[in-house]
Amino acid sequence: MDFRIISSKSLFLLITIFFIFLSWNLKTFSLFLISILFFLFFINKFINKNKIFLILCSILITLIVVEIFIPYLPQNNKNIYAYYDESSTANSRGYRDIIDGMGFVPKEGSYKSKKISAETNEIIFDVTYNIGYDNFRKNLFPGKANVHLFGGSMTFGYGLDENETLSYYLWNNHSLKTKNFGVQGYGIHQALFLIENLDKSAFNGVNILLTGPLHIRRSACKVPYAYGTPIYKKEDGYAVYDGICIFKKNIFIKIFDKSNISKLYYKAFIKYGKTNDKDVEQYLSIVRSIKRKTNENNSKLIIAYLSSKDNYFNNTSFNNRKLFNNLSEISDRIIDITLADNLDKLDKKYIIHKLDKHPSALANKERANKLAPILKEVLKK
């Protein structure tokens, strides 16, 4: 018996197990590839097919080199990202709470959020979010709101203090008591859950949906942050609750998702599937259900539309005009408040920063000016 062969086999097997263990725990793709490489060295003594062995080893070594050196490749724009300062409590676990069936809501309290340019160390924003006992932005007015505003981060006022949000300007500049039910990452599916299951609809007032094509993929469970949020199926034109969004990921996908190669892959291919007509129809069915429930509460539904580039509708028969017309037929009133042809063409004064395209305080102020006359007209009826 050749003990040298046995010891080399054992060494390769031990190294394989060691690197698999590390990659499993650290979710490091490069270590996972290295473990496969050593496993090939281990089994090569058994399969004795050198050409296949060399081809596989060459592929693995190439992938390992690419994975390691991607972060060091030159970028077209070095100033491409920003990060949250360590003082940002709005990015901690303590900020998050869970409502069964709906997913994430902020916890009551005050939270700091500070974002910095990684290249220049410029402060992009440094704000405080004050969250009330009801898990949403605190009201800045006394008494009860008769206007309820639903949406995602643009509604919430991501990157803005409470006196810079859309709901603030509707109240402060136009005397419209507006409750802000916006939360980062939300879509209209959370709005429907809030209205149907948590009685967050306005009574004898107005519900506003700040929405557009950017919400279609969210309600279709085709973005990573949709995990744990409500899923609705279309029945007779309306939305019926069908559980929560769950992505079934095995450990190999979790490891790959942490890799540098995956970033390139997901730029070329949509991660959770392409948008299709079924997704748009599902989105519209959710709006119909919101409208029905809104009217049951003797309120009106206004849609504040945000137009997106038409590539949001790739692989569908829709475009901005067609979606707008469909929403117009469902809602009581609709108005485009984009302030440009689409969100990608906004003037820089309407965004927080070139590294963060969320609305600026000025954008919210001007959008409030567009919305206020319609709200007052509807509330008088």
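The values are calculated or read from the model by the stated rules, or taken from the named source; none is laboratory data. In this text, all values refer to a predicted model and were calculated from it rather than measured experimentally. Glycine gets a Cβ as well: all are built from the backbone with ideal geometry, and neighbour counts include every protein chain shown.
Given 280, 287, 223, 240, which one is among the β-branched types (Val, Ile, Thr), under 23 Å from residue 103 (Cα atoms), in contact with a helix residue (DSSP H, G or I) (Cβ under 9 Å, 6 or more places away or on another chain) and surrounded by fewer than 16 Cβ atoms within 10 Å (Cβ to Cβ)?
On the way: 280 fails: surrounded by fewer than 16 Cβ atoms within 10 Å (Cβ to Cβ); 287 fails: surrounded by fewer than 16 Cβ atoms within 10 Å (Cβ to Cβ); 223 fails: surrounded by fewer than 16 Cβ atoms within 10 Å (Cβ to Cβ).
240 is the lone residue from the list that is among the β-branched types (Val, Ile, Thr), under 23 Å from residue 103 (Cα atoms), in contact with a helix residue (DSSP H, G or I) (Cβ under 9 Å, 6 or more places away or on another chain) and surrounded by fewer than 16 Cβ atoms within 10 Å (Cβ to Cβ).
Let's see how each residue does on (1) farther than 30 Å from residue 203 by Cα; (2) of a type in the set (S, T, N, Q); (3) surrounded by 13 or more Cβ atoms within 10 Å (Cβ to Cβ); (4) assigned by TED's automatic domain parsing to the domain that holds residue 157:
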position: 81; (1), (2), (3), (4): yes, no, no, no
position: 85; (1), (2), (3), (4): yes, no, yes, no
position: 99; (1), (2), (3), (4): no, no, yes, no
position: 104; (1), (2), (3), (4): no, no, yes, no
position: 111; (1), (2), (3), (4): yes, no, yes, no
position: 127; (1), (2), (3), (4): yes, no, yes, no
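Just to be sure before I move on: is residue 321 of a type in the set (Lys, Arg), over 22 Å from the mean Cα position of the chain (by Cα) and surrounded by 17 or more Cβ atoms within 10 Å (Cβ to Cβ) in the structure I sent?
Details: of a type in the set (Lys, Arg): yes; over 22 Å from the mean Cα position of the chain (by Cα): yes; surrounded by 17 or more Cβ atoms within 10 Å (Cβ to Cβ): no.
In short, no.
So residue 275 ticks every box in (1) modelled with pLDDT of 95 or more; (2) buried (at least 20 other Cβ atoms within 10 Å of the Cβ); (3) hydroxyl-bearing (Ser, Thr, Tyr) but one. Which box is left unticked?
If we test residue 275 against (1) modelled with pLDDT of 95 or more; (2) buried (at least 20 other Cβ atoms within 10 Å of the Cβ); (3) hydroxyl-bearing (Ser, Thr, Tyr), just (1) comes out false.
One residue is enough: does the stretch 300-316 have a residue meeting the conditions touching a residue at least 12 places away in the same chain (Cβ under 8 Å), surrounded by fewer than 21 Cβ atoms within 10 Å (Cβ to Cβ) and among the hydrophobic types (A, V, I, L, M, F, W, C)?
Looking through the stretch 300-316, at least one residue is touching a residue at least 12 places away in the same chain (Cβ under 8 Å), surrounded by fewer than 21 Cβ atoms within 10 Å (Cβ to Cβ) and among the hydrophobic types (A, V, I, L, M, F, W, C).
Collect the residues in the stretch 208-220 that are assigned to a loop (DSSP other than H, G, I, E, B) and under 18 Å from residue 101 (Cβ atoms), keeping them in residue-number order. Let's see the steps before the verdict.
First, the residues of the stretch 208-220 that are assigned to a loop (DSSP other than H, G, I, E, B): 212, 220.
Correct list: 220 only.
Give the stretch 221-244 a look and list any residue that's in a strand (DSSP E or B) and of a type outside the set (A, V, I, L, M, F, W, C), or say none. Don't jump to the end; show me each part of the working.
In the first step, residues of the stretch 221-244 are kept if they are in a strand (DSSP E or B); the result is 230-235, 238-244.
Those that are in a strand (DSSP E or B) and of a type outside the set (A, V, I, L, M, F, W, C): 230, 232, 233, 234, 235, 238, 241, 242, 243.
Is it the case that the stretch 309-325 has a residue that's in a helix (DSSP H, G or I), aliphatic (A, V, I, L, M) and under 20 Å from residue 156 (Cα atoms)?
Taking the stretch 309-325 as the starting set, the residues that turn out to be in a helix (DSSP H, G or I) are 310-313, 320-325.
Of the ones still in play, those that are also aliphatic (A, V, I, L, M) are 323.
Still in the list and also under 20 Å from residue 156 (Cα atoms): none.
Looking through the stretch 309-325, none of the residues is in a helix (DSSP H, G or I), aliphatic (A, V, I, L, M) and under 20 Å from residue 156 (Cα atoms).
Between 356, 344, which is under 23 Å from residue 83 (Cα atoms), in the same structural domain as residue 146 (by TED's automatic domain parsing) and in contact with a Lys or Arg (Cβ under 6 Å, 6 or more places away or on another chain)? Before the answer, list the steps.
Working: 356 fails: in contact with a Lys or Arg (Cβ under 6 Å, 6 or more places away or on another chain).
Criteria check complete, one pass: 344.
When you look at residue 30, is it under 21 Å from residue 257 (Cα atoms), at pLDDT 70 or above and touching an Asp or Glu at 6+ places or on another chain (Cβ under 7 Å), yes or no? Steps first, please.
Working: under 21 Å from residue 257 (Cα atoms): yes; at pLDDT 70 or above: yes; touching an Asp or Glu at 6+ places or on another chain (Cβ under 7 Å): yes.
Against the criterion (under 21 Å from residue 257 (Cα atoms), at pLDDT 70 or above and touching an Asp or Glu at 6+ places or on another chain (Cβ under 7 Å)), residue 30 qualifies.
Please give the number of the condition residue 253 fails out of (1) outside any loop (DSSP other than H, G, I, E, B); (2) at pLDDT below 90; (3) touching an Asp or Glu at 6+ places or on another chain (Cβ under 8 Å).
Of (1) outside any loop (DSSP other than H, G, I, E, B); (2) at pLDDT below 90; (3) touching an Asp or Glu at 6+ places or on another chain (Cβ under 8 Å), only one is false for residue 253: (3).
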